[in-house]
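Working notes for the structure below.
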Amino acid sequence: MKKILKDNRGNGYVDIVVLVLIAMMVIALGIKVFPAFMAKDRLNTFANEVIREAQIQGMIEIDYSTIAENIDINIDSVTWEANTLGDRKVQLDEVITVTCTTNVEIGLFGDFGSFPISLKSKATGKSEVYWKSE
């Protein structure tokens, strides 16, 4: 009886099966979460491109649709902060700040374990245009 209770020949197979199952779950989680990191990188690139365009134009609230198409990202909101002359013009060396947000769905098992996360990116620059006062 003691010999039968001390026999451990099958324990190695159970350990390997559990280890492989855990490894597959970690890989599946990584595959579902990794696109959120890629979306954050695209959002940072978008914010930097938009702020550069605003610096060159010396204006806020510029048309950013072509930049979003080139980067292939859906933007939920874009907010601007700057001291403006009139409605959109920003004087030379005045600070312009843009904040962009988007939502990304992450999770496992399709809609069951899926939930949205909000990604936000902020970029700051200075206007490069001198506007004459009239």
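Elements of the type strands (runs of 3 or more DSSP E) sitting completely within segment 26-134 and holding at least 2 residues that are surrounded by 15 or more Cβ atoms within 10 Å (Cβ to Cβ) and under 16 Å from the mean Cα position of the chain (by Cα): these cover 95-108, 113-126.
Residues that are more than 19 Å from D76 (Cα to Cα) and either out of contact with any Phe, Trp or Tyr (no Cβ under 9 Å at 6 or more places or on another chain) or aromatic (F, W, Y) (or both) within segment 43-59 comprise R52, Q55, I56, Q57, M59, listed in sequence order. Residue by residue through segment 7-64, note down the ones that are among the basic types (K, R) and in contact (Cβ under 8 Å) with a residue 24 or more places away in the chain. If the condition is that a residue be among the basic types (K, R) and in contact (Cβ under 8 Å) with a residue 24 or more places away in the chain, then K32, K40, R42, R52 are the ones that fit.
Scanning for something among the acidic types (D, E), modelled with pLDDT under 85 and outside any helix (DSSP H, G or I), does segment 9-24 turn up at least one residue? The answer is no; no qualifying residue exists.
The values are calculated or read from the model by the stated rules, or taken from the named source; none is laboratory data. Predicted, not measured: the structure shown is a model, and the values here were computed from it. Please note: Cβ atoms are built from the backbone with ideal geometry, for glycine as well, and neighbour counts cover all protein chains shown.
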